[in-house]
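The values are calculated or read from the model by the stated rules, or taken from the named source; none is laboratory data. This structure is a prediction, so every number in the text was calculated from the model and none was measured. Cβ coordinates were reconstructed from backbone atoms using ideal geometry, including for glycine residues, and neighbour counts include every protein chain displayed. The area values use the complete protein model at the heavy-atom level, side chains included, leaving out ligands, DNA and RNA. Shrake-Rupley method; radii C 1.70, N 1.55, O 1.52, S 1.80 Å.
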Amino acid sequence: MSRSRIVIVGAGFAGYQAARTLSRTLPRTGRDAVEIVLVNPNDYFLYMPLLPEVASGMLEPRRVSVSLAGTLPHVRLVLGEVGSVDFDRRTLRYVDPEGRSGELGYDRLLLTVGSVNKLLPIPGVAEHAHGFRGMPEALYLRDHVNRQIALAAAADDPEEAAARRTFVVVGAGYTGTEVAAHGQMFTDSLARQHSRDGQRAGGGRRLPEGERPRWMLLDIAPRVLPELDERLSETAHRVLRKRGVDVRPGTSIKEATSEGVLLDSGEFVPTRSLIWCVGVRPDPLVKDLGLETQQGRLVVDEYLRVPGHPEVMACGDAAAVPDLTRPGEITPMTAQHAVRQGKTAGRNLAASFGYGASRPYKHHDLGFMVDLGGVQAAANPLKVPLSGPLANLVTRGYHLASMPGNRIRVLADWALDAVLPRQAAQLGLVRSWSVPLESSSPEVARTPVS
């Protein structure tokens, strides 16, 4: 008798947790009868909350890249990007990393394709900005920042040097705030190493005013971290200001060029670095499926099932999951919800084969945490507002507990960063053209077309 097949598309927070929960929930007899297949462009699960620490040189890339084959026993990994699904034939088509097409049949399908950079119709942004949704973008940003500081130190023209030392981040949510906070510390360290007066700026001393990198954080919202309690927002704002970040709430850009950005206030800021963190939108595959959507996300019921297709489920950023704690609303696109939805999806998939009982998805937010670099953070675990070193300790502890692997390696990198300067080394592996802002696959670097 042939085995039934469950196909999970995407290995982000939701897909990874679904695969792990499902493999642990099925008894041995169930694993003999049901095959679990995970389709993903890469062979790792990316722990995105620590990606700003990769971009700022604190953590090595593999620290936040957890092996799928090494941590998901009893799950078959298929490397590929899904391009279409035939719901009548119960098959999907994908393209593997070498450009070859493949087809998979399924008895159950879980769609967890995640999200990509959110675009706005601002002239020049698509051409000159870079997002922050995947490892290639983080590696590009780390190299780019290194390069700009080195070029600024070597420039004879003061205006060129100032432009290269200026970094503009658009979007003051979680990602943008953490990128700016870590980025300012990273570039200060690099600039000290490249300083023309090494004795004066070395050893962690303050840089001469004319040589200090400048970070700007812009958002149309009236404050940073508008999703959080106002007290936490004020804490983050205070830390950023003290560190030297130029925070501009109520401000956005009107145009981006190769020479800088034009703010909606009319001010032109010369820069070679525009980092786009304004939010996310569901993966483009969602709109191509021909299924009902809400706010661009697949409509599902509280059991994560797609209406009209009892064999298909969806969760994470790709799905408009009803929020049973707030009737009439859908759950926000956060890792916290994606993880828990993935666990629910795994249990419900097992239940569809007679192992356990299905349950609706219901989760109350447990609070949020923002790592501000150094020993600073803002957090409200269980709605208790925290700031400073205590918040940083709680935030790092939470990340370690949430990571499915690499904990010792992450701890080792944190320890080394506390006593050693950041490494000023450009690997040059990811080029600007290979990580366009308008990409349906930010987790994969674009390759040249032959």
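Taking the simple approach of a point 7 Å from Cα along Cα-to-Cβ for both Leu366 and Lys118, what is their distance in nm?
A separation of 2.5 nm, rounded to one decimal place.
Note down the nm distance, to one decimal, between modelled labels 7 Å out along Cα→Cβ at Asp43 and at Arg28.
2.8
As an exercise, take the mean of 1/r over every pair of distinct alpha carbons in region 1-73, invert it, and state the Kirkwood radius in angstroms.
13.5
Please list, or write none, the lysines whose alpha carbon is within less than 18 Å of the alpha carbon of Lys118, excluding same-chain residues fewer than 8 places away.
Qualifying lysines at Cα under 18 Å: Lys254, Lys287.
Local charge sum around Glu230 (other residues, Cβ-Cβ under 13 Å, Lys/Arg +1, Asp/Glu -1)?
Combined, the nearby Lys, Arg, Asp and Glu give 0.
Using the Karplus curve 6.51 cos²θ - 1.76 cosθ + 1.60 with θ = phi - 60°, what ³J(HN,Hα) values do you get for each residue of region 366-377, in whole Hz, with x for Gly and Pro?
Each residue of region 366-377 in turn: 9, x, 9, 9, 10, 7, 9, x, x, 10, 9, 6 Hz.
Hey, can you grab everything whose amide H is under 5 Å from the amide H of Val280? Only 5+ residues off in sequence or another chain; H modelled, so Pro and N-termini drop out.
So Val280 has HN proximity to Lys118.
Using Cα centres only, tell me the gap between region 52-119 and region 279-319 in whole Å.
For region 52-119 versus region 279-319, the Cα centre distance is 17 Å.
Using modelled amide H (1.01 Å from N, peptide plane; none on Pro or chain starts), what sits under 5 Å from the amide H of Leu386, excluding residues fewer than 5 places away?
Excluding prolines and chain starts, which carry no amide H, the hits are Ala379, Asn380.
Indicate the gyration tensor shape class of region 227-327 (rounded, prolate or oblate), computed on the Cα atoms with a ≥ b ≥ c the square roots of the eigenvalues: a/c under 1.5 is rounded; otherwise a/b larger than b/c is prolate and the rest oblate.
oblate
So what is Rg over Rh here for region 382-429, counting just Cα atoms and using Kirkwood for Rh?
Across region 382-429, the Cα-based Rg/Rh ratio is 1.09.
Would you mind telling me which residue in Val419, Val247, Val394 has the biggest mean-square fluctuation in a Gaussian network model of the chain, where springs connect alpha carbons within a distance under 10 angstrom?
Of the options given, Val419 has the highest mean-square fluctuation.
How much length is gained if the chain between Val419 and Ala154 is pulled fully straight, taking 0.36 nm per residue apart and subtracting their Cα-Cα distance, in nm to one decimal?
Contour length minus Cα-Cα distance gives 92.6 nm.
Would region 348-450 count as rounded, prolate or oblate if I go by the C-alpha gyration tensor, calling it rounded below 1.5 in a/c and otherwise prolate when a/b exceeds b/c, oblate otherwise?
Cα axes put region 348-450 in the oblate bin.
For region 358-395 and region 154-188, compute the distance between their C-alpha centroids and round to whole Å.
Centre-to-centre distance over Cα atoms comes out at 26 Å.
Need one value: the accessible area of His130 in square angstrom, 1.4 angstrom probe, rounded to the nearest 10.
The accessible area comes out at roughly 30 Å².
What accessible surface, in Å², does a 1.4 Å probe find on Asp43, ignoring ligands, DNA and RNA and rounding to the nearest 10?
Rounded to the nearest 10, that gives 90 Å².
Roughly how tilted is helix 388-402, in degrees to the nearest 10 and between 0 and 90, from the longest Cα axis of the chain?
Value to nearest ten degrees: 30.
Given +1 on the Cβ of Lys and Arg, -1 on the Cβ of Asp and Glu, and no further charges, what dipole in debye does region 200-338 carry about its Cα centre, rounded to the nearest 20?
Around 1080 debye, computed over region 200-338.
Per the 1.4 Å probe, what fraction of the accessible area of the chain, in percent, lies on carbon and sulfur atoms?
51
Counting only helical runs of four or more DSSP H residues, what would the 222 nm mean residue ellipticity of the chain come to if each run contributes -39,500 (n - 2.57) and the total is spread over all its residues?
Calculated mean residue ellipticity at 222 nm is -9500 deg cm²/dmol.
Per residue, how big is the convex hull of the chain when only Cα atoms are used? Give it in Å³.
149
Mind checking the dipole of the chain: about its Cα centre, +1 per Lys or Arg Cβ, -1 per Asp or Glu Cβ, Debye to the nearest 20? Could you put the intermediate results ahead of the total?
Numbers: 53 positive and 49 negative charges, 282 e Å.
Magnitude of the dipole: close to 1360 debye.
Tell me the label-point distance for the pair Arg93, Leu390, using the 7 Å Cα-to-Cβ offset, in nm and rounded to one decimal.
Going from the Arg93 label point to the Leu390 one covers 5.8 nm.
If you add up the charges near Asn146, with Lys and Arg at +1 and Asp and Glu at -1, over every other residue whose beta carbon is less than 12 angstrom from its beta carbon, what do you get?
Overall, the nearby charge balance is +3.
For region 279-375, rounded, prolate or oblate, judged on the Cα gyration tensor with a ≥ b ≥ c (square roots of eigenvalues), a/c < 1.5 rounded, else prolate if a/b > b/c?
oblate
Let me cross-check Arg214: its accessible surface, 1.4 Å probe, with only protein heavy atoms counted, in Å² to the nearest 10?
Surface accessible to solvent at Arg214 totals approximately 80 Å².
Compute, for region 255-328, the length of the dipole vector about the Cα centre, with Cβ point charges of +1 (Lys, Arg) and -1 (Asp, Glu) only. Units Debye, rounded to 20.
Using Cβ point charges on Lys, Arg, Asp and Glu, region 255-328 gives about 100 debye.
Where only protein heavy atoms count, and the probe is 1.4 Å, what is the accessible area per residue for the chain in Å²?
45
With the chain treated as a Gaussian network of Cα nodes joined by springs under 10 Å, which of Leu111, Leu151, Leu232 yields the largest mean-square fluctuation?
It is Leu151.
In region 1-63, which chymotrypsin sites (Phe, Trp or Tyr not before Pro) fall in coil by DSSP and have 12 or fewer other Cβ atoms within 10 Å?
Answer by residue number: there is no such site.
Under the Karplus relation 6.51 cos²θ - 1.76 cosθ + 1.60, θ = phi - 60°, what is the ordered set of whole-Hz ³J(HN,Hα) values for region 124-134, x standing for Gly and Pro?
Computed from phi, the couplings for region 124-134 are x, 5, 4, 7, 10, 9, 10, x, 8, 10, x Hz.
Can you give the angle from 0 to 90° between the axis of helix 13-25 and the longest principal axis of the chain, with both taken from C-alpha atoms, to the nearest 10?
Once rounded, one gets 40 degrees.
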